[in-house]
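Trainee: Pasting a structure here, questions to come.
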Amino acid sequence: MPRETFQQELDSLVATVLDLGREVLGSLDDMVEALETGDIGAANREIGVDARYKARGTEIERDCMLLQARQAPVAKDLRLIYTVMSLTNHLVRSGTLCEHICHAVADTAGQERNEELQRTLVEMARTARDIFHEGLEIFETRDIERARELQASDDRVDLLYSEALNLIANPPADGNTGSPEWRMRAALIVHYLERIADHGVDIGALTVFLVTGERIEDAMEQYTNRGNREG
């Protein structure tokens, strides 16, 4: 395979995974809307996306394997193919988590909710969606400086995670605590949202590996330590 054709196929592969990422982002937008407004229509739009995303992911992984089989890539190309495969996994898993959350919203429609816990879930959903979005942009632009900054946003999700679990474990003595089923589903939603945010951070970390060729953990530690020194 001529090098020019191989590069075109690599570019097409990146474009395909970015399209998948934007589609998952659209699902996350519906998820946030469903959590914020209780819109069952928005939640129902995402019921069944898991199968579609998994099928798309399988196609991308197959294309990655075919590219490697047809031409022995150089190190930089191998990093890109590895990154695309790993990124695809993060995208598909995020889509699956999104569907789980939308199922929970649809299944508990009309049930009583605790307002403070509900607000925390919505803020956590928005933050997780924004982290995922930024991780995708970091990959598209190869902006590894933003990858380091993404960790600070994830810290906000961790705080909201702790706050939500505390509200679930220690409901207010007075006022509406929410229905038992909704509280149970809220506990699952909190976990799913944390994982979506983690996937966004991991996409940023993968971009560091793609650009620098360094081990992801070492590269992220280097940028974090540099940030501490600058501060």
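The values are calculated or read from the model by the stated rules, or taken from the named source; none is laboratory data. Note that the structure is predicted; figures quoted are calculated from it, not measured. Methodologically, a virtual Cβ is constructed for each residue, glycine included, from the backbone with ideal geometry; neighbour enumeration extends over all protein chains shown. Heads up: the accessible areas ignore ligands, DNA and RNA and are worked out on the full protein's heavy atoms, side chains in. Shrake-Rupley method; radii C 1.70, N 1.55, O 1.52, S 1.80 Å.
Trainee: If only one of A104, A15 is among the small types (G, A, S) and open to solvent by less than 40 Å² (accessible area, probe 1.4 Å), which one is it?
Mentor: Working: A15 fails: open to solvent by less than 40 Å² (accessible area, probe 1.4 Å).
The match here is A104.
Trainee: What's the number of the condition A152 fails, among (1) in contact (Cβ under 8 Å) with a residue 24 or more places away in the chain; (2) under 26 Å from G213 (Cα atoms); (3) not charged (D, E, K, R)?
Mentor: A152 satisfies all of (1) in contact (Cβ under 8 Å) with a residue 24 or more places away in the chain; (2) under 26 Å from G213 (Cα atoms); (3) not charged (D, E, K, R) except (1).
Trainee: Among the residues of the stretch 173-206, count how many are among the acidic types (D, E), open to solvent by less than 40 Å² (accessible area, probe 1.4 Å) and not in a helix (DSSP H, G or I).
Mentor: 0
Trainee: If you check every pair at least six apart or on different chains, which have Cβ atoms under 8 Å apart with a residue in the stretch 128-143 that is at positive phi first and a residue that is β-branched (V, I, T) second?
Mentor: Pairs that qualify, where the first residue is at positive phi and the partner is β-branched (V, I, T), are R142/T207; R142/V211.
Trainee: So, one more: Give all pairs with beta carbons closer than 8 Å in which a residue from the stretch 186-209 that is free of Cβ contacts under 8 Å to residues at least 12 places away in the same chain meets a residue that is in a helix (DSSP H, G or I) and aromatic (F, W, Y); count only pairs at least 6 apart in sequence or on separate chains.
Mentor: none
Trainee: Suppose we filter E149, E137, E145, E112 for residues that are at pLDDT 95 or above and open to solvent by 50 Å² or more (accessible area, probe 1.4 Å); which single one remains?
Mentor: Values: E149 fails: at pLDDT 95 or above; E145 fails: at pLDDT 95 or above; E112 fails: at pLDDT 95 or above.
Of E149, E137, E145, E112, the one residue that is at pLDDT 95 or above and open to solvent by 50 Å² or more (accessible area, probe 1.4 Å) is E137.
Trainee: Does Y82 count as touching a Leu at 6+ places or on another chain (Cβ under 9 Å) and open to solvent by less than 10 Å² (accessible area, probe 1.4 Å)? Give the steps one after another, and end with the answer.
Mentor: Numbers: touching a Leu at 6+ places or on another chain (Cβ under 9 Å): yes; open to solvent by less than 10 Å² (accessible area, probe 1.4 Å): no.
Considered against the rule, which asks whether it is touching a Leu at 6+ places or on another chain (Cβ under 9 Å) and open to solvent by less than 10 Å² (accessible area, probe 1.4 Å), Y82 comes out as no.
Trainee: Identify the residue in the stretch 113-142 that is of a type outside the set (S, T, N, Q) and part of a loop (DSSP other than H, G, I, E, B) and, among all such residues, is nearest to L167 (Cα to Cα). If you could, list the steps in order and put the result at the bottom.
Mentor: Kept after step one, since they are of a type outside the set (S, T, N, Q), are these residues of the stretch 113-142: 113, 115-117, 119, 121-126, 128-140, 142.
From what's left, part of a loop (DSSP other than H, G, I, E, B): 113, 142.
Numbers: R113: 12, R142: 39 Å.
For the stretch 113-142, the residue satisfying everything is R113.
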